[in-house]
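The values are calculated or read from the model by the stated rules, or taken from the named source; none is laboratory data. All values derive from a computational prediction rather than experimental measurement. Here Cβ is always computed from backbone atoms with ideal geometry, including for glycine, and neighbour counts include all displayed protein chains.
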Amino acid sequence: MAQIAPSILSADFARIEEAVKIADEAGADLIHIDIMDGHFVPNLTFGPQLVASIRKKTSLPLDVHLMVENPRSFIPLFVEAGADWISIHLEASIHLHKDITMIKEYGKKAGLALNPATPLHLMNEILSEMDFILLMTVNPGWGGQGFIESCHSKISKLKSWINGQNLKIPIEIDGGVKLSNMEDLIKDGADILVAGSAVYGEKDPKETIIKMKELAQKAGKP
Ligand code: DX5
Ligand code: ZN
């Protein structure tokens with residue numbers, strides 16, 4: 001069954017604790033935390049201190065999405081802060097194998113994130129080493145953007161590639177996920193759905209996560 005990862009990027013930054021509690025109580029599977037450095041993407045968000053504070057408030061796995069240049073220099077800081085899953089961007093890492101190995105040597109799940117226009121074949125030599133793949137389905141930088149429709153076929157292509165190699169690598173979808181497109185995304189092959197504005201932009205974020213979980217369960221039945 002597909003997992004739901006609420007992204008606190010769309011929460012009220014003055015009430016992050018509440019946003020995390022809502023996700024926890026609604027039965028979310030992961031907390032997605034977007035780290036932006038103002039270089040790789042033209043926006044700034046959180047640092048390791050915030051991750052360390054969230055760590056104290058939930059036992060859910062913390063899924064840290066590094067949208068930063070030179071990710072290697074940040075990996076130890078986020079491990080120390082309590083990240084469980086760490087994804088770095090293929091476009092941002094020069095020594096990709098080395099950086100992925102570093103995350104794994106810390107005992108954390110290593111994810112590779114790809115921007116919408118980055119071709120899948122660039123993962124050819126590293127795919128089998130990955131714990132998960134994060135496909136961006138909007139251009140990274142902001143929450144609340146519309147899903148890029150051409151990404152549907154990219155998801156199914158990646159799913160067939162993974163299955164064809166007899167690999168078990170979850171595909172995480174990030175950007176423009178909503179209750180209305182979730183089922184299609186699960187059909188395409190999504191295993192983890194990140195949702196920011198679709199959760200925290202709603203009047204009742206808790207109820208929305210519960211609905212997403214129900215939909216994921218329904219879509220997962222043969
Ligand atoms: C965008 C971030 C996403 C963001 C998604 O750069 O990586 O995780 O929170 O937001 P929505 O779900 O609103 O598209
Ligand atoms: Zn993200």
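Some notes on this structure:
- Applying the set (1) under 15 Å from the mean Cα position of the chain (by Cα); (2) farther than 20 Å from ILE8 by Cα to SER128 leaves exactly one unmet item: (1).
- Considered as a group, the residues in the range 149-178 that are more than 16 Å from ligand 2 (Cβ to nearest atom) and among the small types (Gly, Ala, Ser) include one that is surrounded by the most Cβ atoms within 10 Å (Cβ to Cβ), and that residue is SER156.
- Filtering the range 10-59 to residues that are away from ligand 2 (no atom under 14 Å from the Cβ), acidic (Asp, Glu) and within 17 Å of the chain's Cα centre (by Cα) leaves ASP24, ASP29.
- Residue that is farthest from ligand 1 (Cβ to nearest atom), among those in the range 49-66 that are in a loop (DSSP other than H, G, I, E, B) and in contact with a strand residue (DSSP E or B) (Cβ under 7 Å, 6 or more places away or on another chain): THR58
- Qualifying residue in the range 201-216 (condition: within 16 Å of ligand 2 (Cβ to nearest atom), buried (at least 16 other Cβ atoms within 10 Å of the Cβ) and β-branched (Val, Ile, Thr)): no
- For the range 126-139, the criterion of being under 17 Å from ALA23 (Cβ atoms) and at pLDDT 95 or above is satisfied by no residue at all.
- Residue within the range 121-139 that is within 16 Å of ligand 1 (Cβ to nearest atom) and of a type in the set (Asp, Glu) present: no
- Some residue of the range 153-164 being in a loop (DSSP other than H, G, I, E, B) and in contact with a helix residue (DSSP H, G or I) (Cβ under 9 Å, 6 or more places away or on another chain): no
- In the range 174-205, the qualifying residues are those that are of a type in the set (Gly, Ala, Ser) and not in a loop (DSSP other than H, G, I, E, B), and the one that is nearest to ligand 1 (Cβ to nearest atom) is SER197.
- Residue that is surrounded by the fewest Cβ atoms within 10 Å (Cβ to Cβ) [pool: residues in the range 71-120 that are within 16 Å of ligand 1 (Cβ to nearest atom) and of a type in the set (Gly, Ala, Ser)]: ALA117
- Only one of ALA117, ALA92, ALA83 that is touching a Lys or Arg at 6+ places or on another chain (Cβ under 8 Å) and among the aliphatic types (A, V, I, L, M): ALA83
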